[in-house]
């Protein structure tokens, strides 16, 4: 009888332990993927003060891409939608295809770079810039015209990313149609500054580049990333290079984000968030739900991005869970 009581107590203790572990796992909040409802693509993630922000493209036919929403969160899990922070009523030259935001703050102002009109040679459109006193807008057109309208080095003026380097310079990487340029922005983002050799544009296109450039710096190295494959197909993906200079050369290292037949296809046009005060990096990207063939059905997702001991980016595993809650450390 004594042994039976002990055995029963051990079993009960084991069951309680299992239940506690299951409950603890259930209590861990995650963002889930997609992180918010709606068809959104080309997400730009950034941290302003104690808040995470995502500025995506509204994914629809070009004629309906006339506005931008954005989303904010204190913990990566609970997101608040801010509707129509910039639209064609504020940008008189933009008529359609408002794409791929890039955002940055400077001197208490918030700047919103965007592409519009799917511009071709001889047309009005390209990369514009808007400004606001608040991250959630409303934003107003800064120039009343595109910042970059022309086709230079074969690069369609879309998919811009603004990078603030440690020396105080603000570079902008941009380009579609398989070409990528770098330019230097002036102090108030109203124009371009010539490089030391007098040129305004430098082409830095790496192998297999299609569009969607992104840059971040880690341990003194420049990590340049881009999208490969066709944006409308399942082979859309993300690759990267590492350089000692913001100008490269950018020798392609590997593909780190691509389709998973058990999760999603068309994974690309991403950005990276580094949680301040931590070693945690997150890749924010869009992907296509499985078995959904609609061209514009793309959703915004977040997954963890990690590095190996030599600083190379590990392949990203796409998930349905997303990432656990993490507040910004002050």
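Worth a mention:
- Any hit, segment 135-145, residues being touching a residue at least 60 places away in the same chain (Cβ under 8 Å), surrounded by fewer than 21 Cβ atoms within 10 Å (Cβ to Cβ), farther than 17 Å from residue 97 by Cα and in contact with a strand residue (DSSP E or B) (Cβ under 9 Å, 6 or more places away or on another chain): yes
- Residue in segment 161-171 that is closer than 19 Å to residue 205 by Cβ, touching a strand residue (DSSP E or B) at 6+ places or on another chain (Cβ under 9 Å) and part of a loop (DSSP other than H, G, I, E, B) present: no
- When residue 322 is tested against (1) in contact with a strand residue (DSSP E or B) (Cβ under 6 Å, 6 or more places away or on another chain); (2) loosely packed, with under 14 Cβ neighbours inside 10 Å; (3) at positive phi, just one condition goes unmet, and that condition is (2).
- Inclusion of residue 124 among residues that are more than 24 Å from residue 297 (Cβ to Cβ) and assigned to a strand (DSSP E or B) is not warranted.
- In this structure, residue 152 does satisfy being farther than 25 Å from residue 43 by Cβ, touching a strand residue (DSSP E or B) at 6+ places or on another chain (Cβ under 9 Å) and either free of Cβ contacts under 8 Å to residues at least 12 places away in the same chain or surrounded by 15 or more Cβ atoms within 10 Å (Cβ to Cβ) (or both).
- Counted residues, segment 79-125 - those being touching a residue at least 60 places away in the same chain (Cβ under 8 Å) and surrounded by fewer than 23 Cβ atoms within 10 Å (Cβ to Cβ): 4
- The listed residues are 256, 302, 328, and the only one of them that is part of a loop (DSSP other than H, G, I, E, B) and under 27 Å from residue 172 (Cα atoms) turns out to be 328.
- Residue in segment 309-319 that is in a strand (DSSP E or B) and surrounded by 16 or more Cβ atoms within 10 Å (Cβ to Cβ) present: yes
Any read-out appearing in this document is the output of simple, stated calculations on the displayed coordinates, not a laboratory observation. A quick note: this is a predicted structure, and the numbers were derived from the prediction, not measured. Quick reminder, even Gly has a Cβ in these numbers, built from the backbone with ideal geometry, and neighbours come from all protein chains shown.
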